[in-house]
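The values are calculated or read from the model by the stated rules, or taken from the named source; none is laboratory data. Please read all numbers here as calculations on a predicted model, not as lab measurements. Cβ: placed from backbone, ideal geometry, glycine included. Neighbour counts: every protein chain shown.
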Amino acid sequence: MGRNFPFAPLFVLGEFGADMYALYCTLAKECKFSYYISMATGKKLGENLRKWRLKKDMSQGDLATALSVDRAYISNIENGRMNPTLSTLEKIANALGISSSELLK
């Protein structure tokens, strides 16, 4: 596989979604390629990001500052307009003190 691994499949959380995502994350780290999340999963990611951010009593600005990104980027992820890469997803999860899989449930 290596770096010639094709574009990532689009994950739709369902019967096998979480297991496939975990497998894909492992492959992504080992093969050092990035991926993008499908729009349907992106919406769910955005909803979960907002839920966890509010649960941790953080504003979009607080989270953006912790990640050294613009607040609008966090807003775009929450609204499903942008999809983060795997490395950004992990940074977001770390800033919230949760696992990246929590954001995709």
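A compact table of results
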read-out: Cross-chain or 6+ apart pairs with Cβ under 6 Å, segment 71-84 first and touching a residue at least 24 places away in the same chain (Cβ under 8 Å), then outside any loop (DSSP other than H, G, I, E, B) and among the basic types (Lys, Arg); value: Glu78/Arg50; Gly80/Lys43
read-out: Segment 44-53, subset at pLDDT 95 or above and either of a type in the set (A, V, I, L, M, F, W, C) or outside any helix (DSSP H, G or I) (or both), residue nearest to Asn76 (Cα to Cα); value: Leu49
read-out: Subset of segment 82-105 (residues that are more than 14 Å from Arg50 (Cα to Cα) and basic (Lys, Arg)); value: Lys91
